[in-house]
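The values are calculated or read from the model by the stated rules, or taken from the named source; none is laboratory data. Nothing here was measured: the structure is a model prediction, and the numbers come from that model. In this analysis, Cβ positions are derived from the backbone assuming ideal geometry, glycine residues included, and neighbour counts consider all displayed protein chains. Ligands, DNA and RNA are excluded from the accessible area calculation, which covers all protein heavy atoms including side chains. Shrake-Rupley method; radii C 1.70, N 1.55, O 1.52, S 1.80 Å.
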Amino acid sequence: MSSSKKETISISPVASIRNGESIQMYSSSPNIRTVRSATGAGEVNYINAITSSTDNQLLAEIGYKQELKRQFSTLQVFGISFSIMGLLPSIASVLNGGLSGGTVSLVWGWFIAGIFILLVGITMAENASSIPTAGGLYYWTYHYAPVGYKAAISYVIGIGNSLALAASVCSIDYGFAEEVLAAVVVSKDGDFNVTNGKLYGVFAGAVIVNIFFTCVASGWLAKLQTLSIVSNCFIIVLFIIVLPIGTKINRGGFNDGSFIFGEWENMSDWNNGWQFCLAGFMPIVWTVSSFDSCVHQSEEAKDAAKAVPIGIIGSISICWVLGWVINIVIVACCDPNLNNVVNTSYPLGMAQVLYDSLGKRWTIAFLAMMAFCQFLMGASMLTAVSRQVWAFARDNGMPFSNYIKKVDKKLSVPYNAVAFSGALSLVLGLLCLINEIAADALFSLSIAGNYLAWCAPTFLRLTWGRDVFRPGPFYLGDILSPVLNWISIVFQLFIIVLTMFPATQHGIDATTMNYSCVIGPGTWVLSLIYYLVYKKKDYHGPVSNLTDEEFAEEVGSDVIDEILSHPVKSI
């Protein structure tokens, strides 16, 4: 830290504590925990992940007592994000859209957008390393936001992030339903009609089983991530080996390099440049997403300030590279007439690719394995959203907060938050009953809502909260970090706009419009109105559940003396 910038601190009369001395508090003022920003963020908690010696001490500086069990290793924190991304099942769900711009959009769009998504992950990793808490995004937003607007902005981000994560559960389990019914169609040689009602029925069944599975197996959630890593890696390796063999035997050979890397085909009425963005960026944006799930496991992770950044950056990097390889294998082996894949009679274009190269039995087997991995994705996603919902309820941000924030004292599991999150996903999933376009809004809502929640705290950190940001163990430095952060912000804003556009430019009606342009901004506006009209009296930002005595006991005398005796140096 340099001394070029200074903060002032507000001090109330309290007693300093030293090792071996009894603790005596002359005041219960929150100023024993806080510092004041000189750049507009106001009075905020003193948080220093570098000097904190334990997870509990750092969590106390953030403002909370330990209520959940820290049973996630670094590998398992990585596993929850890697599981949610679920490469092969996710690519299967978005393949049709990716190929609507030819192989160029699928292959090169994935590669280019992956670079920027990694930058987004790096900025999130810096935030998470500095302040690792389950509430993550809305907490950071409050911490760095300007005085007078903290609670309002934080509330919109908290609601938006919760709904986006619930929509992610919808889109994952909707993909599960598509894979299951695609297997049924293949098994019946096409003699099966897939309706919106059937899709919702399978989807709803998956969500309900996810709720039950997540609650009953709560003690095994960390181990579940290891199973998910193994399952996803196995199916990817099998796919990369078996599909080319089947293509060579049954189709006689592969598509050449010019087709794989240079086949452009615009299947929409958008101009080529915009169609490349729509078809090329959205598959990876949806697949390599929800890596904030690592953040929401912060209070269950061991050495969270290091484990969470590793989980975020590791999962993005591996899925970016592996996904690119998978896409290359797919376009090398698929029917060169891409229209046969995009407009297949099966619910998924991937089913057509598998059937053409491997035949009926292998197609059913792969769809079954992908559905299994997709189910694990749903369980992991429900775990993540339940922790976000629980954390937001802990700070009185959710409806029925007093009920939702309860934690089972024996098992340290927020069962009510799990059930509420599942129920919310079921309600949002009713969009599936309208039509496929409305169901696609689930994909876009999860993306737009998450990208806004990811973007806001970083923007505020770089502006009003720049002098209260103290980096954690992961930080790229005073020069490189801001540059990459600003690039990531621009990319995220672009993606939010991109998700609002329909698949076609002309002839938009109720069956072809992109409902995200209504649902996304509508959610943000309504949540702000709800806050101003009703929730303002209950939600005032993060609320500490520690007394001053408990805080002093957890953080120790060095932190108290740092707050009371010295100006806090900024970066």
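Relative contact order for the range 102-233: what is it in percent, counting Cα pairs under 8 Å that are at least 6 residues apart?
Computed value for the range 102-233: 13 percent relative contact order.
Which order do the peptides 93-104, 524-535 come out in when sorted by mean C-beta neighbours inside 10 angstrom, highest first?
Ranking the peptides 93-104, 524-535 by packing returns 93-104, 524-535.
Of the peptides 275-282, 340-347, how do they stack up when ordered by the mean number of other Cβ atoms within 10 Å, highest first?
Top of the packing list down: 275-282, 340-347.
For the range 142-194 and the range 255-291, what is the separation of their C-alpha centers, rounded to whole Å?
Taking the Cα centre of the range 255-291 as reference, the centre of the range 142-194 is 22 Å away.
Tell me, what is the FRET efficiency for Leu227 and Lys188 to the nearest 0.05, using R0 = 25 angstrom and their Cβ-Cβ distance as r?
E(calc), rounded to 0.05, equals 0.20.
For an R0 of 22 angstrom, estimate the FRET efficiency from the Cβ-Cβ distance between Trp220 and Lys410 and round to the nearest 0.05.
In this case the efficiency is close to 0.90.
What distance in nm lies between label points placed 7 Å from Cα along the C-beta direction at Leu493 and Phe212?
The two pseudo-label positions are separated by 4.8 nm.
For the pair Val237 and Ser345, what calculated FRET efficiency results from E = 1/(1 + (r/R0)^6), where r is the Cβ-Cβ distance and R0 = 30 Å, to the nearest 0.05?
About 0.55, to the nearest 0.05.
Could you tell me what percent of the accessible area of the chain is made up of carbon and sulfur, with a 1.4 Å probe and every protein chain present?
64
At 7 Å along the Cα-to-beta-carbon direction for both Lys536 and Asn56, put a label point, then send me their distance in nm to one decimal.
Using points 7 Å along Cα→Cβ, the separation is 4.1 nm.
What residues of the range 269-290 lie in the reach of a label at Thr504, counting those whose backbone N is under 20 Å from a point 7 Å from the Cα along Cα→Cβ?
269-280
So for the chain, averaging the separation of alpha carbon pairs under 8 Å that are six or more residues apart and normalising by length, what relative contact order in percent results?
33
Using the heavy atoms of the protein chains and a 1.4 angstrom probe, tell me the accessible area per residue for the chain in square angstrom.
Counting only protein heavy atoms, the per-residue value for the chain is 36 Å².
Quote to one decimal, in nm, the extra length available between Ile115 and Phe400 on full extension: 0.36 nm per residue of separation minus the C-alpha distance between them.
98.6 nm
Expressed in nm to one decimal, what extension gain is obtained for the pair Ser317 and Ile434 from 0.36 nm per residue of sequence separation less their Cα-Cα distance?
Separation in residues times 0.36 nm, less the Cα-Cα distance, equals 38.5 nm.
How far apart, in nm, are two points set 7 Å out from the Cα along the Cα-to-Cβ line at Ser557 and at Ala368?
Output for this residue pair reads 6.7 nm.
Amide H neighbours of Val413 under 5 Å, at least 5 residues apart or on other chains, H built in the peptide plane: list them.
Those lying under 5 Å, H to H, from Val413 are Asp408.
Out of all DSSP beta bridges in the chain, what portion is antiparallel? Express it as a percent rounded to 5.
So the antiparallel bridges in the chain amount to around 90 percent.
Using packing as a proxy for protection, rank 375-385, 36-46 so that the peptide with the highest average count of other Cβ atoms within 10 Å comes first.
Those peptides, ordered most packed to least, come out 375-385, 36-46.
Quick check: residue separation of Leu75 and Thr195 times 0.36 nm, minus the Cα distance between them. What number comes out in nm?
39.2 nm
Please list the non-local residues whose amide H lies under 5 Å from the amide H of Trp270, H modeled 1.01 Å from N, same-chain partners needing a gap of 5 or more.
Here the answer is Gln505, since their amide H atoms fall under 5 Å of that of Trp270.
Select one label from (i) 3, 13, 19, 19, 14, 11, 9, 6, 4, 2, 1, 0; (ii) 3, 14, 19, 19, 21, 16, 7, 1, 0; (iii) 4, 18, 29, 25, 14, 7, 3, 1, 0: the one whose number is P(r) over Cα pairs in 10 Å bins from 0, in percent as derived from the coordinates shown.
(iii)
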